[in-house]
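The values are calculated or read from the model by the stated rules, or taken from the named source; none is laboratory data. Since we're looking at a predicted model, the values are computed, not measured. Cβ placement follows ideal geometry from the backbone for every residue including glycine, while neighbour counts extend to all protein chains displayed. Protein only, heavy atoms only, side chains kept; ligands, DNA and RNA dropped before computing areas. Shrake-Rupley method; radii C 1.70, N 1.55, O 1.52, S 1.80 Å.
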Amino acid sequence: MIAVASFILVGLVIMGLPLFAGIMFAAFLGLHATGIDLTAVAIEIFRMANAPVLLAIPLFTLAGYLLSEGGTSRRIVRFSQSLLGWLPGGLGVVALITCAFFTALTGATGITIIALGGLLFSALISEDYKEDFSLGLLTVSGSIGLHFPPSLPVILYCFVSGLNIEKLFLASLLPGLLVLILPCLFSLIQGRRWGLERRPFSWGEFTASLRGAVWELPIPLLIVGGIYTGFSTATETAALTVVYVLIVKIMIYKEISPVKDLNRIMKESAKMVGSIMIILGAALAFTNFLVDSFIPDKILGFMEGLVTGKMAFLIVLNLFLILVGCLMDIFSAILVTVPLIIPLADRFGLDPLHLGVIFLTNLAIGYNTPPVGLNLFIASSRLKRPVVRLYRATLPFLAILIVALLLISYVPAISLFLPSLYHATP
Amino acid sequence: MWIFSRLNDAAARIEGILIVASLWCMVVSTFVSVCVRGLHTKLGLAWANDALGSIAWSEEFARMLVLWVSLLGASLLIKDASHIKIDLFSRLSSSRLIKLRDRILSAVTCLCCAIAASVSYQFLRIEMEFSVKMFLGLPAWLGQMILPLAFAVMTFRYGLAAVSDAQRDQKEQ
């Protein structure tokens, strides 16, 4: 009976049942089968009110939504272009860096492509970049930058795995730079190959654009500074960021009306938070059932018979996570699979921080992987191109990201060097 | 059906007000406590230490609001029909089949939310029976009541979507 119900449930999830309902139903079924009272689900959802880390999520989401309103994207693009536009393929680099800035602040939610896609796409085409290149670049740019603070997936990963947020952000820094720099190099090489016209560097334009974005450029530094100088925790930094962004957007740039816009933005950000957190609540209940039924131990036993050695495990892990990443959004993927993967990784001797970085990188790649990577559909709707065309356009960038993934997976020092310098409590 | 639609809109308005109020409280309480703590630890002001003691409850309050904002946001999201899902089907099939599928999935989700509302209510009753307290000595059920309430509204919304095309029409608009 339970097996039939589970089978139907998987079918419904594949057909498009909201993920929270699928996971919650699975928890109900599992708890019922093991004779545990179903109120355990309500108790697990209520646990969300007892986790200080989670407070950072609505606050950083609100800051991200506030920043995506008005001219922030335009100002950051202008500044980056004045700084790097003189390079061959410089606009591609500008696009990647600007998108990384936005993705870190808005947390790989697709807002980057929506907020910046149109603006950057027309800029790239007008400077004679090939259309396929531009499409591919903007599609993958939706998930480049999710390693950097205050990225929501990193915070959520830490909540689920119990890792220290500051340490995982630190561990993700070099891998995040690698994921950013490799596509930038590709853009520079292509720019040179196509003989694209270079913009001469202009001090006048540079200072004008710097003046324009002077209040927004320091935001990442304020966040990193706040967290790593010990002045504030990640949650407190999130509150400071919201207040800072509110002051900048309402009082300095006057782009958000506190009467007309603020309520709408708050509601939109709450919907985003709700979409993640309700899955988190359901996943907490489901994980409770999995642990009570020793499912992770059973998977561990099965995998031990199948895979021998760390290298083979890493290959299987990478393939599995890319598949998960292309089927699910990053938040659900973290919530559903992290509790299952952690005991396995521990058994195969993988450092928890290294695992976290591998996880995030894989999911970032999965986001762009055909046939159902989420970024492909967001970019298709924003840039008004058929999704099949985006499959082809994204391939070179996917290959580059997979090179980055292989380096990150098989050279642990890229992830573990910086945390080894930072003496925080684990 | 119009009466249900009006009820749906009224619920959304109340949820919107609660979300905005909760987010403001969350931002202000966390901001004030970080500022006061900064004044105490960096400048050594004695009154800041006293103030910190008197606002110690604010962290628990803000954490409770995370639950409120999350559930209210999740409920409000149903109106946009944009809860996170793995959606392979709608890229492959005809619009008539998709409409049918949406109704079936809404009915299943409605059932799930109804069970969640019922078990949340049982949880609330247990907490009331044992007179569990939260910050400032307030009864814990005051914070927890969002669980059955939000799931009840979600049950209503998914039920409505299962019997009408209101949700789909809204999305298309």
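Here are the numbers for the structure shown:
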| quantity | calculated |
| --- | --- |
| Of the criteria (1) surrounded by fewer than 23 Cβ atoms within 10 Å (Cβ to Cβ); (2) in a helix (DSSP H, G or I); (3) in contact (Cβ under 8 Å) with a residue 40 or more places away in the chain, which one A:CYS99 fails | (1) |
| Residue that is nearest to B:VAL163 (Cα to Cα) [pool: residues in region B:2-32 that are buried (at least 17 other Cβ atoms within 10 Å of the Cβ) and hydroxyl-bearing (Ser, Thr, Tyr)] | B:SER22 |
| Considering residues of region A:345-370 that are closer than 18 Å to A:ILE113 by Cβ and not in a helix (DSSP H, G or I) only, the residue most open to solvent (accessible area, probe 1.4 Å) | A:PRO370 |
| Out of A:LEU54, A:LEU29, sole residue that is more than 7 Å from every other protein chain (Cβ to nearest Cβ) and either among the aliphatic types (A, V, I, L, M) or open to solvent by 10 Å² or more (accessible area, probe 1.4 Å) (or both) | A:LEU29 |
| Tally, over region A:286-312, of residues that are among the hydroxyl-bearing types (Ser, Thr, Tyr) and surrounded by 18 or more Cβ atoms within 10 Å (Cβ to Cβ) | 1 |
| Region B:116-157 - residue that is of a type in the set (A, V, I, L, M, F, W, C) and not in a helix (DSSP H, G or I) and, of those, nearest to B:ALA12 (Cα to Cα) | B:MET145 |
| For A:ALA42: the one exception among (1) modelled with pLDDT under 85; (2) within 8 Å of chain B (Cβ to nearest Cβ) | (1) |
| Matching entry among A:LEU321, A:LEU327, A:LEU262 (being within 19 Å of the chain's Cα centre (by Cα), hydrophobic (A, V, I, L, M, F, W, C) and within 14 Å of chain B (Cβ to nearest Cβ)) | A:LEU327 |
| Selected residue [at pLDDT 85 or above, open to solvent by less than 10 Å² (accessible area, probe 1.4 Å) and touching a helix residue (DSSP H, G or I) at 6+ places or on another chain (Cβ under 7 Å)] from A:LEU62, A:LEU84 | A:LEU62 |
| Subset of region A:122-148 (residues that are modelled with pLDDT under 90 and outside any loop (DSSP other than H, G, I, E, B)) | A:SER122, A:ALA123, A:LEU124, A:ILE125, A:SER126 |
| Residue match in region A:266-285 (condition: in a helix (DSSP H, G or I), more than 10 Å from chain B (Cβ to nearest Cβ) and surrounded by fewer than 22 Cβ atoms within 10 Å (Cβ to Cβ)) | no |
